[in-house]
Amino acid sequence: MIQMISKRRITVFASLGLFSILGALILSVWSGHRYSQTSEWRNHSEEVLTQLTELRVLMEQAETAQRGYMLTKQEDFLGPYTESKAQIETALKRIRASISDNLSQTQRFELLTSSVLRKMENLEKTLVLAKSGQHQAALQAIQRGEGKRLMDQVRSQFYELQAAESALLRERTLKAQQEFERASTTVMLSLFAAFVLLLVATLLLRNEVRSRTETARNLAKAEAKAQEASELKSRFLANMSHEIRTPLNGIIGMTRILSDGSLTEEQREQLQIVRDSSNTLLSLINQLLDLSKIESGKLELERIHYQLRSLVQGSVSIVQGQAQEKGLSVDLAIAEDIPDLLVGDPLRLRQILMNLLNNAIKFSSRGTIRLHFHVQKVQDSRIHLQIEVSDQGIGMAPETLSKLFQSFTQADETISRRFGGTGLGLAITKQLVEMMGGTISVESELGKGTSFRLQLSQEIGQETEVSLDSSGPEQLRLSARVLVAEDNLTNQKVFAAMLKKLGCEFTIVGDGEAAYEKLQHGDFDLVLMDAQMPGWDGEKTTREIRAEGSKVRHRQIPILAVTASAIKGDIERCLNAGMNDFISKPISFADLALKMSKWIHNETPRLDLMALEKLKDLDDDGLLLREMLTVFCKLSPGSLLKLRQAVQAQEWEEMRREAHSFKSSCANVGAGRLRDLVQRIEALHGDELKDQAENLIEAAENEYRDFMKELFRYGAA
Amino acid sequence: MEPPKSQILIVDDNPMDRLLLQGMCKKLKLKGIQEAEDGNVALAKIDRALEMGHPFDLVLVDWNMPSASGLRVLQHIRQHPRMKTTKVVLVTGHSDQEKVEEALALQVDDFIVKPVDFEVFSAKLVKLGFGTF
């Protein structure tokens with residue numbers, strides 16, 4: 001408001017100043033014009049005076065010539081007389097024209113003119129008399145003095161006129177002078193006023209600028225403060241989420257174990273409620289953690305190679321069960337021209353898809369859930385995808401759509417009562433999509449269904465550039481012994497070339513039986529198994545290898561199926577038969593290297609089922625296993641907490657001791673990756689402690705959560 | 001053949017490890033198993049058993065413990081003339097390998113490396129005369 005007023009004031013002063021300058025300008029132009037007008041008048045008066053003098057001289061010349069003739073009678077004098085007479089007539093005409101604008105002067109001039117004419121008539125009369133020989137009569141006429149009287153009259157009228165004209169001239173000069181002085185004064189005054197006004201405007205402007213700078217500075221300060229507060233909130237949220245999650249995992253673990261025991265139906269139901277509530281709480285906390293990470297800028301997207309199709313199929317297979325339970329079908333379509341190998345953050349992409357799919361399932365009770373992938377365009381090795389997730393569920397009213405992507409907002413309050421949920425899912429989804437440089441939009445109609453559209457661009461993976469821990473394929477060496485079971489000669493050659501490039505030792509056989517035979521006698525680290533072979537096909541061979549009474553040396557050897565992805569259900573059959581993974585034909589080097597490295601490097605399993613099986617075997621009723629898991633669930637949250645506290649207090653000895661003990665616990669229940677992480681924590685020393693401990697603990701906490709999930713899945717199986 | 005009656009002490013500060021070792025002992029049909037959650041408790045139990053006239057036949061002891069260490073327990077047993085027949089098996093992590101020599105000097109009967117594999121465990125115990133498959 002104050003700013004508004006001062007702004008208006010500046011404008012007023014500045015424009016007044018400018019008007020004053022303009023006024024002064026106009027005034028000076030006008031006064032100049034007036035001045036030149038006045039001087040014209042003056043010139044005019046002077047000219048009139050000159051003409052009058054001329055006339056008088058001419059009159060005198062005419063009289064002199066007449067007298068000369070009268071005295072001498074010589075014709076010579078008649079010439080000048082005639083000349084003067086003619087000139088007098090022109091002079092009279094000129095003067096009349098000159099003074100025609102002035103009435104009083106014209107009147108005077110008329111008198112003068114009649115006197116002049118009479119004088120001339122008188123002169124002419126005497127001359128006519130003299131010429132006709134009546135010289136004496138002429139002289140008598142002159143002597144009567146009429147000529148002199150007439151001449152005196154002319155003279156006096158003449159002087160009168162001259163005096164009047166002179167007075168006029170004086171008056172005009174004076175007036176011009178006065179006007180000039182007045183104009184100068186006014187111009188000076190206007191200029192002075194302009195100066196003052198502009199000075200005031202400038203001062204006001206300076207104040208204004210100063211106050212605005214001040215305001216801007218305050219604003220920046222306030223913004224920084226707000227930012228800080230927001231970060232603080234995010235950090236607090238993140239910390240709290242961690243703290244809540246740890247005991248919560250304990251609760252979930254214990255309920256799981258409890259539910260395996262002998263319970264009455266009622267107790268089981270109650271326990272189920274505890275579990276459901278805990279899971280809801282856990283997912284809320286996880287979402288909060290995600291959101292706070294995003295908001296505090298802690299969430300960094302990965303940039304790694306991944307296979308789109310297996311990622312999408314994996315996501316769909318997770319929700320398929322839920323969908324089927326509700327009688328929904330899932331329609332998945334990925335355009336064929338989308339390359340399989342892309343670069344991006346597969347985990348977050350999966351999170352986005354899962355969020356949308358879960359939503360679609362949650363809000364539908366019939367129809368089909370569509371998940372379609374299309375190519376929009378390919379540009380500079382980036383592919384622009386359009387992903388559509390749509391359902392035929394309850395839909396949304398237009399006014400609720402606008403609030404859809406806000407944190408903690410569910411489209412409709414009644415929704416949370418009917419369907420549960422935190423209202424964070426879509427906010428996170430939107431943020432993730434935007435972090436990936438994409439956009440998300442939604443269309444919906446009440447009762448008809450909802451359709452989410454994602455525009456997302458991903459880098460196209462380079463087949464020759466597989467990054468595995470940032471080492472390119474050229475550096476990637478796999479020292480492994482590989483058995484290839486493949487009947488097609490061309491494919492055999494392809495495998496031979498690729499395996500050679502990878503630095504593997506390999507043996508190639510043409511059918512399943514030969515492969516089984518080789519595995520009995522030779523040591524291998526991995527099998528590449530064509531799914532379609534004459535005789536024993538890949539499925540049959542794998543079943544034989546994995547069978548209880550199998551004679552092969554290493555029953556659990558990793559087997560990778562080599563399948564033509566076009567054949568539906570092929571992959572599923574292979575995996576069901578006990579193969580570990582699959583490679584699609586045509587074989588890409590990157591894919592082969594990636595998959596082989598995954599299985600050869602013996603990536604520590606999250607949940608080592610062998611360890612659990614062994615525990616189960618230790619007693620007949622599996623009581624020990626259950627007891628071990630119970631104790632693990634009971635102790636682990638405490639151990640993680642102690643680790644974190646030790647790290648925060650920088651009590652490294654305490655941290656090592658706890659890690660040492662916890663590591664052993666992890667190993668006992670087959671928590672392979674968790675054990676590795678804890679071991680790394682134990683082995684930290686020197687500068688690493690401060691740098692890495694915190695991160696490793698966080699990784700361990702996450703891994704613990706994932707391990708527990710996997711453990712539950714195992715428990716359910 | 002009936003398994004021999006024996007007194008066994010499991011010393012480990014990690015309850016899961018105690019549980020696991022006990023489970024394995026039970027699998028070998030061993031009886032008379034006692035537990036101690038740290039070195040000091042172990043020393044007290046050992047002394048008490050000695051006083052009662054039934055010293056332990058087998059002590060499975062964790063190397064790395066907060067109070068009295070495994071080594072300390074081993075020393076205590078070896079110093080006592082009445083426990084000459086007591087077998088001591090150290091249970092260690094991979095990281096404790098360099099301390100093995102120390103333990104050997106004190107005539108430890110065997111080592112078991114964590115995570116304990118039942119096959120290894122049973123082989124070693126049977127070799128020392130405990131349990132049966």
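The values are calculated or read from the model by the stated rules, or taken from the named source; none is laboratory data. A quick note: this is a predicted structure, and the numbers were derived from the prediction, not measured. All Cβ positions, glycine included, derive from the backbone under ideal geometry; neighbour counts span all protein chains shown.
Structural remarks
- Selection of region A:202-248 for residues being surrounded by 13 or more Cβ atoms within 10 Å (Cβ to Cβ), among the acidic types (D, E) and within 29 Å of the chain's Cα centre (by Cα) yields only A:E231.
- Helices (runs of 4 or more DSSP H) wholly inside region A:494-596 that include at least 2 residues being β-branched (V, I, T): A:538-546
- Criterion (closer than 21 Å to A:V57 by Cβ and in contact with a helix residue (DSSP H, G or I) (Cβ under 7 Å, 6 or more places away or on another chain)) met by exactly one of A:R155, A:R149, A:R94, A:R172: A:R94
- Check on A:M610, buried (at least 17 other Cβ atoms within 10 Å of the Cβ), hydrophobic (A, V, I, L, M, F, W, C) and over 46 Å from the mean Cα position of the chain (by Cα): no
- Residues being at pLDDT 80 or above and more than 11 Å from chain A (Cβ to nearest Cβ) - total across region B:106-133: 16
- With respect to being within 13 Å of chain B (Cβ to nearest Cβ), assigned to a helix (DSSP H, G or I) and at pLDDT below 85, A:K634 falls outside the description.
- Residue list for region A:614-628, filter: of a type in the set (A, V, I, L, M, F, W, C), without any contact (Cβ under 8 Å) to a residue 12 or more places away in the chain and either facing chain B (nearest Cβ under 8 Å) or in contact with a strand residue (DSSP E or B) (Cβ under 7 Å, 6 or more places away or on another chain) (or both): A:L618, A:L624
- Count of region A:648-657 residues which are away from chain B (no Cβ under 11 Å) and surrounded by fewer than 23 Cβ atoms within 10 Å (Cβ to Cβ): 5
- Annotation note: of A:D537, A:D523, the sole residue that is over 57 Å from the mean Cα position of the chain (by Cα), of a type in the set (D, E) and at pLDDT below 90 is A:D523.
- Identity of the residue in region A:658-694, buried (at least 16 other Cβ atoms within 10 Å of the Cβ) and not in a helix (DSSP H, G or I), that ends up farthest from the other protein chains (Cβ to nearest Cβ): A:L684
- Tallying residues that are within 12 Å of A:L618 (Cα to Cα) and either more than 10 Å from chain A (Cβ to nearest Cβ) or not basic (K, R) (or both) within region B:7-31 yields 9.
- Residues of region A:637-647 satisfying the condition of being of a type in the set (K, R) and away from chain B (no Cβ under 13 Å): A:R644
- Filter pass, A:Y81 being within 21 Å of A:F158 (Cβ to Cβ) and part of a helix (DSSP H, G or I): yes
- Those residues of region A:167-193 which are within 30 Å of A:E54 (Cβ to Cβ) and surrounded by 15 or more Cβ atoms within 10 Å (Cβ to Cβ), in sequence order: A:L168, A:L169, A:R172, A:T173, A:A176
- A:D290 of a type in the set (D, E), buried (at least 20 other Cβ atoms within 10 Å of the Cβ) and touching a residue at least 12 places away in the same chain (Cβ under 8 Å): yes
- Among the residues of region B:49-82, those identified as assigned to a loop (DSSP other than H, G, I, E, B) and either within 14 Å of another protein chain (Cβ to nearest Cβ) or not small (G, A, S) (or both) are B:H54, B:P55, B:F56, B:D57, B:W63, B:N64, B:M65, B:P66, B:S67, B:S69, B:H80.
- Any hit, region A:31-45, residues being surrounded by fewer than 16 Cβ atoms within 10 Å (Cβ to Cβ) and not in a helix (DSSP H, G or I): no
- Test for A:D581: is it closer than 23 Å to A:I304 by Cβ and either away from chain B (no Cβ under 11 Å) or modelled with pLDDT of 80 or more (or both): yes
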